[in-house]
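Asks: First the structure, which I've put down as structure tokens, then a few questions once you've had a look.
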Amino acid sequence: MLRLLTSVRGTGRASNNVEHGATGAAKADDVAAVLKDLEIPVAPTIIHHLSQFSAAFDRGLGVTELRPAGRAVAEIEALWLDLDKLARRLAAPPQEAAKRKKKEARA
């Protein structure tokens, strides 16, 4: 995985990596730490392996169609919010990004 992430970093492009087979919060934290060290943006939301995803897929539906009030839907909605924030941050003019970085460094 580290070799893949290092090669992605060298391209200068944003990346959307999914760590398949990651188990438990500790594994997710390890993956997030590696991505952060490589300066690759990471959404804080973790999508868990829930049976709702498989059930929706088996029926040709999105999880939001199958069970609109379920835990899987909440995770997907949280991920979309995180990705929207990330997209806005990446699209921000360089001056705004520098201000945000200074603010994050103080925190």
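The values are calculated or read from the model by the stated rules, or taken from the named source; none is laboratory data. For clarity, every value in this text was computed on a predicted model and none was experimentally measured. Don't worry about glycine lacking a Cβ; one is built from the backbone with ideal geometry, like all the others, and counts go over all protein chains shown.
Asks: Across the range 82-101, which residue is farthest from the chain's Cα centre (by Cα) among those that are surrounded by 12 or more Cβ atoms within 10 Å (Cβ to Cβ) and modelled with pLDDT of 80 or more?
Replies: Step by step, filter the range 82-101, then rank; the result is Arg89.
Asks: Another question, then. Can you find a residue that is assigned to a helix (DSSP H, G or I), without any contact (Cβ under 8 Å) to a residue 60 or more places away in the chain and either touching a Cys at 6+ places or on another chain (Cβ under 8 Å) or exposed (fewer than 15 other Cβ atoms within 10 Å of the Cβ) (or both) anywhere in the range 45-54?
Replies: Among the residues of the range 45-54, at least one is assigned to a helix (DSSP H, G or I), without any contact (Cβ under 8 Å) to a residue 60 or more places away in the chain and either touching a Cys at 6+ places or on another chain (Cβ under 8 Å) or exposed (fewer than 15 other Cβ atoms within 10 Å of the Cβ) (or both), which makes the answer yes.
Asks: Also, quick follow-up: Please go through the range 41-81 and pick out each residue that is modelled with pLDDT under 85 and in contact with a Leu (Cβ under 7 Å, 6 or more places away or on another chain).
Replies: Of the residues in the range 41-81, the ones modelled with pLDDT under 85 are 41-44, 46, 67.
Hits for the range 41-81 are Pro41, Val42, Ala43.
Asks: Looking at the structure I just gave you, is His20 assigned to a loop (DSSP other than H, G, I, E, B), modelled with pLDDT of 85 or more and not small (Gly, Ala, Ser)?
Replies: No: the conditions fail for His20.
Asks: In addition: Report yes if Gly70 is closer than 27 Å to Lys27 by Cβ and without any contact (Cβ under 8 Å) to a residue 40 or more places away in the chain, otherwise no.
Replies: Yes.
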